1. For helix 20-32, report the angle its Cα long axis makes with the longest principal axis of the Cα atoms of the chain; keep it between 0 and 90° and round to the nearest 10°.
2. May I ask for the equivalent-ellipsoid semi-axes of the chain, computed as the square root of five times each C-alpha gyration tensor eigenvalue and listed largest first in whole Å?
3. Relative contact order of the chain, please, whole-number percent, based on alpha carbon pairs below 8 angstrom and at least 6 residues apart.
4. Identify, among LEU50, SER34, GLN13, the residue whose Cα sits farthest towards the positive end of the charge dipole of the chain, taking +1 on the Cβ of Lys and Arg and -1 on the Cβ of Asp and Glu, with the dipole about the Cα centre.
5. Note down the magnitude of the dipole of region 4-62 about its Cα centre, charges +1 on Lys and Arg C-beta and -1 on Asp and Glu C-beta and zero elsewhere, to the nearest 20 debye.
6. Students often check this: by mean Cβ neighbours within 10 Å, which of 21-30, 55-64 ranks highest, and how do the rest follow?
7. With n ≥ 4 as the cut-off for DSSP H runs, can you work out [θ] at 222 nm for the chain, using -39500 (n - 2.57) per run divided by the number of residues, rounded to the nearest 500?
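Throughout, read-outs are computed from the coordinates displayed, never taken from laboratory work. Treat the numbers as computed from the prediction; the structure is a model and nothing was measured. FYI the Cβ positions are ideal-geometry reconstructions off the backbone, even for glycines, and counts take in every protein chain you see.
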Amino acid sequence: MATTKLLLTTGEQLEVETSIDDVVKALENAARSSAGTLARLKEAESGEPLAVNATQVVTVRPGDE
């Protein structure tokens with residue numbers, strides 16, 4: 001499965017279990033929605049769901065897998 005890495009403004013790096021195109025789409029949709037809407041993704045290593053504030057994402061790049 002494809003993974004994508006997100007770098008947040010805090011310096012934290014997240015790796016999620018989806019393609020870069022799907023991550024970008026989720027972030028764009030969240031940013032266009034009402035204030036406070038989060039992009040819902042799944043953490044690559046644990047499979048746990050997580051939600052990301054699109055305004056806190058600095059870079060999006062393909063993961064290691």
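1. That helix lies at roughly 20 degrees to the long axis.
2. The three semi-axes for the chain are 18, 12, 11 Å.
3. RCO, the chain: 43 percent.
4. SER34
5. It comes to approximately 240 debye.
6. The packing order, highest mean first, is 21-30, 55-64.
7. Numbers: 1 runs with 13 residues, N = 65.
The helix contribution divided over the chain gives -6500 deg cm²/dmol.
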